[in-house]
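J.: I have a structure I would like to understand better, so I am pasting it below and will then ask my questions one at a time.
The values are calculated or read from the model by the stated rules, or taken from the named source; none is laboratory data. Everything numeric here is computed off the predicted structure, so don't read it as measured data. In this analysis, Cβ positions are derived from the backbone assuming ideal geometry, glycine residues included, and neighbour counts consider all displayed protein chains.
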Amino acid sequence: MTISVSALSLLVSVATLITAAAPVLLVVFWLTDWIRGRLW
Amino acid sequence: MNSVQNASLNADTGWLILAAFSVIWIALGGYLGRRTTGLEGYMLAGRKVGLALGTATAMATWVTSNTTMAAPQLALQMGVWGMLGYSLGAVGLMLFAPLARRIHALMPSGFTSGDFIRLRYGKTTWRVFLGISLFYGLGWLVSMGMAGGVLVHALTGIDYRIGMTVILAVCVLYTVLGGLRAVIGTDFLQTLIILVGILALAWLAIINVGFEHMHAAALEQRPELLNLLFPAAIMFLFNNLLFGVGEIFHSNVWWSRAFAFREGVGFRAYLIAGVLWMPIPVVAGFIALTVPALDLNIPAADMVGPMVAAKLLGTSGAILVFIVVFAALASSLDSLLAATSDLILTDIYKGHIRPHADETELASVARWVVLSLGVVAWLLCLPRITTLAELLYFTGAFVASTIWPIAAGLFWKNTNPAGATVAMVAGTAIGLIGYFLIGFYVAALISAAASMAIVLFSTWWRPREFDWRILANSQQVYT
């Protein structure tokens, strides 16, 4: 039983999208903490 | 040109990158640590770390050179399950989220995981736990140091000893200068570098090779990579999950962050870090599936990441991989140095040698402990004993035995010290028997199961009520 092309592309695409969102999210968190004076 | 040659940079370029990033990390660490005062400031970054830095440091520390290099290797060896199994390491981070909240609530003035075990279970359990934790911490530190030297050599041709020495010295220097504040601050930047680098590689693989071509070539040349019924890989998946949970639950790397995070941050930071970390091994690992389509001949499975990068991007690919690997190595090495030093300072120096040492004395000794630990790690890395890295597989049995004593000790007031001690000792022993009789992929599984059975039975058989208020005063004298 092998993984199909569509399942593989879905798995990798979702993983890539989440990974792409991660740095954006971290920068947003950083700015929010910085503005609120809660970075450290 | 041959892709193996392409995967390596020339030594001059390697030195340039090494020097540039060494200066950045040391300068940033020194800058961030310039206002660090007192023991709490140095060991726990003042206990006010916010969500952004908290999430990034949890992610960066869990992304080791293993994630960036071994995820593609596992995908090449175990196919789809290899990368999925690796990504389940995120479960440990997510499960630690409620523990971090509980730890912060029960021990607002705690310093180390050793503090908890000592106050919750007493000295015998504490010493058994310290043995496990220091063995694991030093083992991981040395394996990371050796990985640094090996990777620098493989990617640039720079001598193993020189590469290892530079990477270790840089991490020791900025950790000595700025303590946990420097570690967490640099982790933020390192996380961004790692994420962008891995994304760039994955994106190039998708654009240049495409899923259809990748799938068809793999199906023709290496069909096992796409096989969903791969028994050894499925066992690896569950073992890796428990290994990860054990590593995170017991290690002071994660406890020190739970103490350092601002109130209300621990739960969210660990949960978000777990969710964001989970896809990284899939993204880093899937590029190995392009090997058949790219018609690459891989002489050593652990070089598959750099070789695919070099094939897709040429020298730029090799530079990108080198920068990502350096960031991943530094983000884990600095955390291990800081957390293991905290354990040595608080639980060995104060706990066993100078029980009446005050905060001023401990604050001044702290930097010397980091430096000494760096020197010891360097000495152990020098001979490049590759079997030492394999020793880390052993630690699966050790760390998995601590999962239940820690989780039950945090949430159940009736779990007793004898049960916790026996669970750690017997769980480790039975896990090691499984390691030798069956294989590395069952050691953590068997150890955790045995430890769980002992904790559950001993709690039911001999319940002993614990007063949670004892944990609130973790600064009590050790004698």
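J.: Which condition number does residue B:158 fail, the rest of (1) part of a helix (DSSP H, G or I); (2) at pLDDT below 95; (3) among the β-branched types (Val, Ile, Thr) being met?
T.: Unmet for residue B:158, out of (1) part of a helix (DSSP H, G or I); (2) at pLDDT below 95; (3) among the β-branched types (Val, Ile, Thr): (1).
J.: Being of a type outside the set (Val, Ile, Thr) and either touching a strand residue (DSSP E or B) at 6+ places or on another chain (Cβ under 8 Å) or facing chain A (nearest Cβ under 9 Å) (or both) is the filter here, so list the residues in region B:158-184 that pass it.
T.: Residue satisfying the conditions is B:181 alone.
J.: Ok, one more. From B:180, B:199, which residue is surrounded by fewer than 24 Cβ atoms within 10 Å (Cβ to Cβ) and touching a residue at least 24 places away in the same chain (Cβ under 8 Å)?
T.: B:199
J.: Sticking with this one: Going through region A:1-10 one residue at a time, which ones are loosely packed, with under 12 Cβ neighbours inside 10 Å and part of a helix (DSSP H, G or I)?
T.: A:6
J.: When you go through B:94, B:144 one by one, which is the residue that is part of a helix (DSSP H, G or I), within 22 Å of residue B:263 (Cα to Cα) and touching a residue at least 24 places away in the same chain (Cβ under 8 Å)?
T.: Checking each option against the conditions leaves just B:94.
J.: Taking the condition touching a residue at least 40 places away in the same chain (Cβ under 8 Å), crowded, with 24+ Cβ neighbours inside 10 Å and either assigned to a loop (DSSP other than H, G, I, E, B) or out of contact with any Phe, Trp or Tyr (no Cβ under 9 Å at 6 or more places or on another chain) (or both), does residue B:129 pass?
T.: The answer is no for residue B:129.
J.: The conditions are (1) farther than 30 Å from residue B:51 by Cβ; (2) part of a loop (DSSP other than H, G, I, E, B); (3) within 12 Å of chain A (Cβ to nearest Cβ), and residue B:263 fails exactly one of them. Which is it?
T.: Result: residue B:263 fails condition (1) only.
J.: Tell me the residue from B:303, B:307 that is surrounded by fewer than 24 Cβ atoms within 10 Å (Cβ to Cβ), touching a residue at least 60 places away in the same chain (Cβ under 8 Å), part of a helix (DSSP H, G or I) and more than 14 Å from chain A (Cβ to nearest Cβ), please.
T.: On inspection, the qualifying residue turns out to be B:303.
J.: Further question: Answer with yes or no whether residue A:13 is within 12 Å of the chain's Cα centre (by Cα), on the phi < 0 side of the Ramachandran plot, more than 7 Å from chain B (Cβ to nearest Cβ) and surrounded by fewer than 19 Cβ atoms within 10 Å (Cβ to Cβ).
T.: yes
J.: Do the conditions hold for residue B:273, that is, is it modelled with pLDDT of 95 or more and either closer than 27 Å to residue B:226 by Cβ or within 14 Å of another protein chain (Cβ to nearest Cβ) (or both)?
T.: yes
J.: Something else: Please go through region B:226-246 and give me each residue that is more than 9 Å from every other protein chain (Cβ to nearest Cβ) and among the aliphatic types (A, V, I, L, M), ordered by number.
T.: Within region B:226-246, B:232, B:233, B:234, B:235, B:237, B:241, B:242, B:245 qualify.
J.: Hey, another quick one. Based on what the data block shows, is residue B:67 in a helix (DSSP H, G or I), modelled with pLDDT of 95 or more and within 14 Å of chain A (Cβ to nearest Cβ)?
T.: For residue B:67, the condition - in a helix (DSSP H, G or I), modelled with pLDDT of 95 or more and within 14 Å of chain A (Cβ to nearest Cβ) - is not met.
J.: Residues to consider are B:32, B:95, B:88; find the one that is surrounded by fewer than 24 Cβ atoms within 10 Å (Cβ to Cβ) and either touching an Asp or Glu at 6+ places or on another chain (Cβ under 6 Å) or more than 14 Å from every other protein chain (Cβ to nearest Cβ) (or both).
T.: None of the others qualify; the one that does is B:95.
J.: In region A:28-40, which residue that is more than 7 Å from every other protein chain (Cβ to nearest Cβ) and under 20 Å from residue B:257 (Cα atoms) is surrounded by the fewest Cβ atoms within 10 Å (Cβ to Cβ)?
T.: Taking the candidates together, the pick is A:37.
J.: Filter region B:394-405 down to the residues that are in a helix (DSSP H, G or I) and surrounded by 24 or more Cβ atoms within 10 Å (Cβ to Cβ) and list them by number.
T.: Answer for region B:394-405, where residues must be in a helix (DSSP H, G or I) and surrounded by 24 or more Cβ atoms within 10 Å (Cβ to Cβ): B:396, B:397, B:398, B:399, B:400, B:403, B:404, B:405.
J.: Same structure, new question: In region B:185-212, which residues are within 10 Å of another protein chain (Cβ to nearest Cβ), more than 28 Å from the chain's Cα centre (by Cα) and at negative phi?
T.: Those that are within 10 Å of another protein chain (Cβ to nearest Cβ), more than 28 Å from the chain's Cα centre (by Cα) and at negative phi: B:206, B:211, B:212.
J.: Six or more apart or on different chains, Cβ under 6 Å: which pairs go from a residue in region B:18-47 that's on the phi > 0 side of the Ramachandran plot to one that's of a type in the set (Val, Ile, Thr) and surrounded by 15 or more Cβ atoms within 10 Å (Cβ to Cβ)? Could you list them?
T.: Listed pairs, sorted by first residue: B:45/B:184.
J.: Can I ask one more? Can you list the helices (runs of 4 or more DSSP H) lying wholly within region B:408-477 that have 3 or more residues being free of Cβ contacts under 8 Å to residues at least 24 places away in the same chain?
T.: B:417-437, B:443-461
J.: Going by the structure shown, is residue B:341 more than 26 Å from residue B:199 (Cα to Cα), in contact with a helix residue (DSSP H, G or I) (Cβ under 8 Å, 6 or more places away or on another chain), crowded, with 24+ Cβ neighbours inside 10 Å and among the polar types (S, T, N, Q)?
T.: yes
J.: Name the one entry in B:320, B:294, B:333 that is more than 14 Å from every other protein chain (Cβ to nearest Cβ) and in contact with a Cys (Cβ under 6 Å, 6 or more places away or on another chain).
T.: B:333 is the lone residue from the list that is more than 14 Å from every other protein chain (Cβ to nearest Cβ) and in contact with a Cys (Cβ under 6 Å, 6 or more places away or on another chain).
J.: Considering B:218, B:200, which residue is among the small types (Gly, Ala, Ser), at pLDDT below 90 and either out of contact with any Gly (no Cβ under 9 Å at 6 or more places or on another chain) or more than 17 Å from residue B:60 (Cα to Cα) (or both)?
T.: The match here is B:218.
J.: What about residue B:401, is it out of contact with any Phe, Trp or Tyr (no Cβ under 6 Å at 6 or more places or on another chain) and closer than 30 Å to residue B:41 by Cβ?
T.: In short, no.
J.: If you don't mind, there's one more thing I want to ask. Just a yes or no: is a residue in region A:27-40 farther than 30 Å from residue B:41 by Cα and of a type in the set (Val, Ile, Thr)?
T.: No.
J.: Now a separate question. Within region B:103-122, is there a residue that is within 25 Å of residue B:324 (Cβ to Cβ) and among the basic types (Lys, Arg)?
T.: There is no residue in region B:103-122 that is within 25 Å of residue B:324 (Cβ to Cβ) and among the basic types (Lys, Arg).
J.: How many residues does region B:223-242 contain that are under 26 Å from the mean Cα position of the chain (by Cα) and polar (S, T, N, Q)?
T.: Matching residues across region B:223-242 total 2.
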